[in-house]
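Novice: Provided herewith is a single structure, encoded as structure tokens, for subsequent inquiry.
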Amino acid sequence: MREICVIGGNRYFGKRLISRLLAAGDRVTVVNRGSSAPPPGTVHLIADRDDEKSLEEALGSRTFDVVVDQVCYTPRQAEIARRVFAGRTRRYVMTSTVEVYEYEDSADPVGEDAVDPRSVAVDPGLPWDDGEFLDAHYGEGKRQAEAVFAAGPDLPYVAVRVAHVLGGDDDFTGRLEHYADRIGAGEAIAVPVVNHPATYIHVEEIADFLFWTVGEDFTGPVNAASHGTLTTRELCEAIGARLPGGRTVLEAVEVGEVSPFSFRRSYGMDNSRATRLGFAFGDARAWLPRAVAETLRKDG
């Protein structure tokens with residue numbers, strides 16, 4: 001029986017990961033602030049991960065084979081986690097994001113070496129506690145958090161850089177609904193003049209990927225994305241197929257806000273490292289109709 005700690009993870013692909021761990025016979029400890037109960041069958045520890053003393057007291061003398069951190073957004077949080085969990089776990093898996101590549105603009109899929117966390121400057125003095133600042137600097141927060149974990153050998157870590165996630169009737173983001181509402185009404189969907197495709201991953205596939213990662217021994221950054229890219233129009237076509245009478249109207253805009261899955265730069269990740277390590281990704285175009293059906297089903 002493996003001892004696994006999951007920080008956060010009460011919703012979306014986090015709860016799916018926990019279900020997979022429990023089904024495999026792992027003993028799962030969930031750490032959160034207590035605002036929502038974790039899945040049945042887990043050990044629940046209530047702590048504020050931003051409060052080092054609170055976290056240490058909640059953990060007591062517990063040790064783990066692997067920690068999966070679903071809610072690390074800033075270098076401050078990473079520094080606390082590194083101090084608390086160094087010596088408590090063999091391996092630390094941080095859920096990161098494709099947004100760490102926000103300054104890359106390559107026509108080719110971007111590999112992990114495009115952002116080496118060991119070369120990222122860390123500034124814990126920035127206003128990371130300010131929600132608006134954090135939202136506006138999401139990618140930077142994740143980059144610097146990765147850099148903290150990469151700073152030394154005392155805590156072997158993995159940074160799973162997750163592509164845009166689709167699917168599930170519990171998708172809380174509202175992004176596909178944004179398109180469905182406009183397609184259903186025949187309203188314009190704002191896109192950049194040059195609109196680039198992006199890589200995606202199904203909610204079940206990223207849960208599978210994290211579960212697989214727990215059982216492996218590699219370290220460092222790894223991209224998690226299904227094979228292939230999707231364009232805004234392909235997303236709209238899949239949504240439109242479920243909306244008889246709907247109409248897709250893409251309106252190119254030079255400035256201003258655009259729809260959630262349209263991009264002024266290339267947003268593709270190279271998944272070859274994970275593939276070489278042994279994970280078999282699906283094809284985004286193959287699962288897209290299923291993802292749309294799952295998410296829009298809750299809206300009738």
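Novice: Picking from S61, S35, which residue would you name as being assigned to a loop (DSSP other than H, G, I, E, B), modelled with pLDDT of 95 or more and of a type in the set (S, T, Y)?
Specialist: S61
Novice: How many residues are within 21 Å of S96 (Cα to Cα), of a type outside the set (S, T, Y), open to solvent by 60 Å² or more (accessible area, probe 1.4 Å) and out of contact with any strand residue (DSSP E or B) (no Cβ under 7 Å at 6 or more places or on another chain) when one looks only at region 1-42?
Specialist: Result for region 1-42: 2.
Novice: Any chance region 181-199 includes a residue that's surrounded by 17 or more Cβ atoms within 10 Å (Cβ to Cβ), among the basic types (K, R) and within 18 Å of the chain's Cα centre (by Cα)?
Specialist: No, the conditions are met nowhere in region 181-199.
Novice: Turning to a different aspect of this structure: For region 78-121, give me each residue that is within 19 Å of the chain's Cα centre (by Cα), farther than 26 Å from H196 by Cα, not in a helix (DSSP H, G or I) and not β-branched (V, I, T).
Specialist: Selection gives R91, Y92, M94.
Novice: Restricting region 266-300 to residues that are touching a His at 6+ places or on another chain (Cβ under 6 Å) and of a type outside the set (F, W, Y), which is farthest from G111 (Cα to Cα)?
Specialist: Looking at the filtered set, the residue picked out is A291.
Novice: Kindly indicate which of R161, R175 is more than 21 Å from V84 (Cβ to Cβ), of a type in the set (K, R) and within 14 Å of the chain's Cα centre (by Cα).
Specialist: R161
Novice: Hey, could you check region 104-125 for residues that are surrounded by 11 or more Cβ atoms within 10 Å (Cβ to Cβ) and out of contact with any helix residue (DSSP H, G or I) (no Cβ under 8 Å at 6 or more places or on another chain) and say which is nearest to D217 (Cα to Cα)?
Specialist: So, considering only residues that are surrounded by 11 or more Cβ atoms within 10 Å (Cβ to Cβ) and out of contact with any helix residue (DSSP H, G or I) (no Cβ under 8 Å at 6 or more places or on another chain), the one nearest to D217 (Cα to Cα) is D116.
The values are calculated or read from the model by the stated rules, or taken from the named source; none is laboratory data. Being a predicted model, the structure only gives us computed values, none of them experimental. With ideal geometry, Cβ positions are generated from the backbone for all residues, glycine too; neighbour counts draw on all protein chains shown. Calculation scope for accessible area: heavy atoms of the full protein, side chains included, ligands and nucleic acids excluded. Shrake-Rupley method; radii C 1.70, N 1.55, O 1.52, S 1.80 Å.
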